[in-house]
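Right, one structure below, let's go through it.
The values are calculated or read from the model by the stated rules, or taken from the named source; none is laboratory data. None of the values given here were measured: they were computed from a predicted structure. Virtual Cβ from ideal backbone geometry, glycine too; neighbours counted across all protein chains shown. Heavy atoms of the whole protein, side chains included, go into the accessibility calculation; ligands, DNA and RNA do not. Shrake-Rupley method; radii C 1.70, N 1.55, O 1.52, S 1.80 Å.
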Amino acid sequence: MVKDVYIKALGITILLFAGNFFVVKYLDDSRAEALRTELYSIQEQMQSSRVLLLYSQYSNDSAALCPLLDNQTRRQMTDLYSLYGELQSAREANVFTDVQAIQRRFILTNAELFLYLRQLERQCGYSLVKPVLYFYPEGKDCLECRAQARVLDALAQDCPNVRVFAFPSNSDIPVVQALAKAYGVSRDPSLVMNETLYGGFSSREQILAVTGCG
Amino acid sequence: MGKVAQPRQRSVLLWLAFALAGLLGGLWLLFSLVPYMWIFLGANFIFVFISIVYLLEFWGKKPETLSKEFPGVTVIVSAYNSAPTIEASLKAILAMRYPKPFKVIVVDDASTDNTYAKMKKFAGKLTILRNPENKGKAASINQALKLVKTPLVACIDSDTYPECNALEKMVPLFNSPKVGAVIALVCVEKPRNFIQKIQQIEYWVSFGFWHTALGKLDGLLVTPGPMSVYSAAALRKVRGFDEGNITEDMEIALHLQAEGFQIKCTTAAKIRTEVPDTFGKLYRQRLRWLRGKIFNGWRYSKMLFNSSYGDFGRFVYPASFVNELLGVIVVSRVLLMHASNAFNMALGAFNLAEVNASALYDAGIYSNAVVNSSAFFFVFTVILWGYIVWLSFRLAGEKIHIGQLLPITVFMTVYSMFISLVYFASMLHEAVGVERKW
């Protein structure tokens, strides 16, 4: 015969954990919703820029439209980069709401921005930023990658001319697979700067020697 | 020239290595199969459940009915090399108030210091026995027990100073022939350093809240060595203390439980005792206690999950082991996480990894600022744990002052981890069969 006290205690414990569950779920959901909204807003801006780029190609009026595209693209790069940080935090912090779907959409948007920049460079005749492609393994703890991410993060903040595009090297997204294959990425972490692959951890000095800081 | 390990030492070391490998292998398997979040949440759920059971018992039961009779009492003190404390201890014992005169028997267990000389200063007020050779505390008490003619026996350590009302407050709890022993609130005598200040809080929590709650469930697992009062008839029924036991105070409590006796607890009586003042002494003491818990646990395993022993067998006894095992699992998981980071940093420092140690440190390995949602699951645990500490202070009649905040914090965090590690070490010692020593 089970005494009342055990049933009561079990009931209270379950209630407490259920209450905690709902609080945590609410927090996770709100965090994911905020990320989704932010990402949609960036995607909308990017669509507008892409259409403007198409128009500049169609109207052959790069001189007038390139400064406008510059401004828009810089803003999108900043927004997307800050979203990357938020996404990473959410991935570590969330328990119940998976941000995997948002992450996939983010990676696609990031790849799109990278390719759009290359197109813009071709259309306007100058490069807006020095892109650094950073390949890391998704879902695996890699201490060197954590250190690399921290170095890149600091560099991107100090040097406005450097823009980091982070991609999971083991992603199943076709465009990311194509990029990794094109540059011959075979180890983690890897960086691609000036179309050249640098395997393993690269120090701040090594990166600056290639990209410069301005 | 270094010492060469003797064959016996070598075989112990070998078994120790096997046991360590086995335990670590088991933990590794668990950690590979169960994500760390579920380990922490599961352990947290069980801890909260157990704590709520005890809190409900603590809040719910009416105070004990007190007996108005004050039967005769004999006090037994066993002393071994207790010169620094024996005089003060005997003075405190002789100063105890009791409606009837009580007899004091002191056994000098072949001390090599001047304990005996100090005892003799009290000649005429107490009976002094002297062992020709060291027999151990349990044997000394058993020897004195043969001279006991009173219904109650108080066993007091020679480094313990009961408050003057201790007997008066403890004896009325012998309100039925089923009561085999009564225990009191054991406190730390004048804590002088930080290690003792942490133990002071630990004693208030363990002997205050936990023992009160356990007592209400008839689930006390120990009659503390510093001072416990026993029914002489109950002691005779269990044939006294187990002389080969390094935690005879736990063995006797389990034996009394197994024989159907009740153990009562009061926090109205305070007993002050000396505690280890260095980390090494504390480690050795706890290793002995926890080894005692394991092998006595094994000896009385028939009571585990056995409803015929009431709440003790059904819940308290198994829960005490579950709690300790979960502590080992959680602490090992936390340490594994940090150890792997530290190992990688060390590789970097020795240029064995391609990234230097400072870059790894800078990567925020030890400074993750993200507030994890799962942390909310532990908020209640921290509140609950804090509430138990606060209740324990109240039971001890103490107020929390600012100087105690640091020892309280250390007690609630690092100290609990330390105890779990000692439990891990005691499991190893028992698995290997390292000789049990006082």
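For the reader, a short list of remarks on this structure follows.
- Failed condition for A:Thr97, given (1) assigned to a helix (DSSP H, G or I); (2) surrounded by 17 or more Cβ atoms within 10 Å (Cβ to Cβ); (3) at pLDDT below 80: (1)
- Residues of the stretch A:195-214 that turn out to be within 12 Å of chain B (Cβ to nearest Cβ) and in a strand (DSSP E or B), as a count: 2
- B:Val186 open to solvent by less than 10 Å² (accessible area, probe 1.4 Å) and in a helix (DSSP H, G or I): no
- In the stretch A:179-194, of all residues being touching a helix residue (DSSP H, G or I) at 6+ places or on another chain (Cβ under 9 Å) and either touching a residue at least 60 places away in the same chain (Cβ under 8 Å) or under 22 Å from A:Leu115 (Cβ atoms) (or both), the one that is farthest from the other protein chains (Cβ to nearest Cβ) corresponds to A:Leu179.
- Being open to solvent by less than 70 Å² (accessible area, probe 1.4 Å), out of contact with any His (no Cβ under 7 Å at 6 or more places or on another chain), among the acidic types (Asp, Glu) and within 10 Å of chain B (Cβ to nearest Cβ) is a description that applies to A:Asp28.
- Tallying residues that are out of contact with any helix residue (DSSP H, G or I) (no Cβ under 8 Å at 6 or more places or on another chain), more than 20 Å from A:Leu115 (Cβ to Cβ) and of a type outside the set (Ser, Thr, Tyr) within the stretch A:35-63 yields 3.
- Scanning the stretch A:113-143 for residues that are within 14 Å of chain B (Cβ to nearest Cβ) and out of contact with any helix residue (DSSP H, G or I) (no Cβ under 8 Å at 6 or more places or on another chain) turns up A:Gly139, A:Lys140, A:Asp141, A:Cys142.
- Scanning the stretch B:43-64 for residues that are more than 7 Å from every other protein chain (Cβ to nearest Cβ) and either hydroxyl-bearing (Ser, Thr, Tyr) or under 13 Å from B:Phe378 (Cβ atoms) (or both) returns B:Ala43, B:Asn44, B:Phe47, B:Ser51, B:Tyr54.
- Among the residues making up the stretch B:242-260, those that are outside any helix (DSSP H, G or I) and either over 21 Å from B:Leu287 (Cβ atoms) or of a type in the set (Ser, Thr, Tyr) (or both) are B:Thr247, B:Glu259, B:Gly260.
- Among the residues of the stretch A:74-94, those that are more than 14 Å from chain B (Cβ to nearest Cβ), open to solvent by less than 70 Å² (accessible area, probe 1.4 Å) and free of Cβ contacts under 8 Å to residues at least 60 places away in the same chain comprise A:Gln76, A:Asp79, A:Leu80, A:Ser82, A:Leu83.
- Output for the stretch B:160-183, where each listed residue is crowded, with 20+ Cβ neighbours inside 10 Å and either at pLDDT below 95 or hydrophobic (A, V, I, L, M, F, W, C) (or both): B:Ala166, B:Leu167, B:Met170, B:Val171, B:Leu173, B:Phe174, B:Val179, B:Ala181, B:Val182, B:Ile183
- Residue ID - farthest from B:Asp159 (Cα to Cα), chosen from residues in the stretch B:85-122 that are open to solvent by 70 Å² or more (accessible area, probe 1.4 Å) and either out of contact with any helix residue (DSSP H, G or I) (no Cβ under 9 Å at 6 or more places or on another chain) or hydroxyl-bearing (Ser, Thr, Tyr) (or both): B:Lys100
- Test: B:Ile402 is open to solvent by 50 Å² or more (accessible area, probe 1.4 Å) and either closer than 26 Å to B:Ile294 by Cα or among the aliphatic types (A, V, I, L, M) (or both): yes
- Residues being within 24 Å of B:Asn341 (Cβ to Cβ), charged (D, E, K, R) and surrounded by 16 or more Cβ atoms within 10 Å (Cβ to Cβ) - total across the stretch A:139-172: 4
- Flag for A:Ser127 being without any contact (Cβ under 8 Å) to a residue 40 or more places away in the chain and either in a helix (DSSP H, G or I) or buried (at least 18 other Cβ atoms within 10 Å of the Cβ) (or both): no
- In the stretch B:205-258, the residue that is nearest to B:Val104 (Cα to Cα) out of those that are in contact with a strand residue (DSSP E or B) (Cβ under 7 Å, 6 or more places away or on another chain) and of a type in the set (Phe, Trp, Tyr) is B:Tyr230.
- Index of the failed condition, A:Ile107 passing every other in (1) farther than 20 Å from A:Glu195 by Cβ; (2) within 14 Å of another protein chain (Cβ to nearest Cβ); (3) open to solvent by less than 20 Å² (accessible area, probe 1.4 Å): (2)
- Evaluating B:Glu133 against the criteria (1) more than 21 Å from the chain's Cα centre (by Cα); (2) at pLDDT 95 or above leaves one unmet condition, (2).
- Selection status of A:Phe17, surrounded by 12 or more Cβ atoms within 10 Å (Cβ to Cβ), facing chain B (nearest Cβ under 10 Å) and not in a helix (DSSP H, G or I): no
- Any chance A:Val175 is of a type in the set (A, V, I, L, M, F, W, C), open to solvent by 10 Å² or more (accessible area, probe 1.4 Å) and within 19 Å of A:Leu80 (Cα to Cα): yes
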